[in-house]
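K.L.:
Dumping the structure here so I can ask a few things about it.
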Amino acid sequence: MTKQDQVDLLLVEGAADYAEFVIEAFKKSNYFDYHIVWVRNLADARFELEHQEYDIVIFNLVLPNGEGTDLVKEIRRLAPRKRTAIIVIGSSITEESELEVRRELANDYLCKDEVTAKDLLTTVRNWAIFALGVKEARRATSGLDTIGQQMDETIQACERSENLPPFKGQS
């Protein structure tokens, strides 16, 4: 993975000062090229998620027009097979709040009041490595179905033209 690897990140944060802190932290990263889209509420986040795929979504647990746990459910509903990493940032971490977001399949939970720029970058970098690995695997295997179908068609054409017995794998 190199600096040229782009990580598409959706930041859902109602507080402008905290969003700017997060964006500035990523500008200083030398590990990946982070493409960050910042929205302030759940409605805008839903719109983004319906129209764009993101590798990572970072959001505040409490947002101006809803609970962040609703967004976790929405992300998993919109892209059940996509491995979007979900990082929740809450004002305080209690065992109950962490269990609640993890039950909804969030990948990580950070305390907004305690997380440093370095902690945030490290957490996101680790999930970015995972997300980019999934992307690469999808790219590498995307043509396999087409290749298999072409092989089946070629075998069938050969059998028809040369009156060969059917291939054992076919009925």
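K.L.:
Considering amide H positions built from the backbone, and no H for Pro or chain starts, which residues 5 or more places from Leu63, or on another chain, come under 5 Å of its amide H?
P.N.:
For Leu63, the qualifying residues are Gly68.
K.L.:
Quick one: 3J(HN,Hα) in Hz for the stretch 123-132, Karplus 6.51/-1.76/1.60 with θ = phi - 60°, rounded, Gly and Pro as x.
P.N.:
4, 5, 4, 4, 6, 5, 4, 4, 4, 5
K.L.:
OK, next. What is the set of long-range amide H partners of Asp5 at a cut-off below 5 Å, with H atoms built 1.01 Å from backbone N?
P.N.:
Asp33
K.L.:
Also: Please give the net charge around Ala43, taking every other residue with its beta carbon less than 12 angstrom from that of Ala43, where Lys and Arg add +1 and Asp and Glu add -1.
P.N.:
-3
K.L.:
Each residue of the stretch 6-11 in order: what ³J(HN,Hα) in whole Hz does its phi give by Karplus 6.51 cos²θ - 1.76 cosθ + 1.60, θ = phi - 60°, with x for Gly and Pro?
P.N.:
Karplus-based 3J(HN,Hα) across the stretch 6-11 equals 8, 10, 8, 10, 9, 10 Hz.
K.L.:
Show Ser91, Ser29 ordered by accessible area, largest first, where the area counts protein heavy atoms only and the probe is 1.4 Å.
P.N.:
Ser91, Ser29
The values are calculated or read from the model by the stated rules, or taken from the named source; none is laboratory data. Computed from a predicted model, the values in this text were never measured in an experiment. We place every Cβ from the backbone using ideal geometry, glycine too, and count neighbours over all the protein chains shown. Accessible surface is based on the protein model in full, side chains and every heavy atom, while ligands, DNA and RNA are left aside. Shrake-Rupley method; radii C 1.70, N 1.55, O 1.52, S 1.80 Å.
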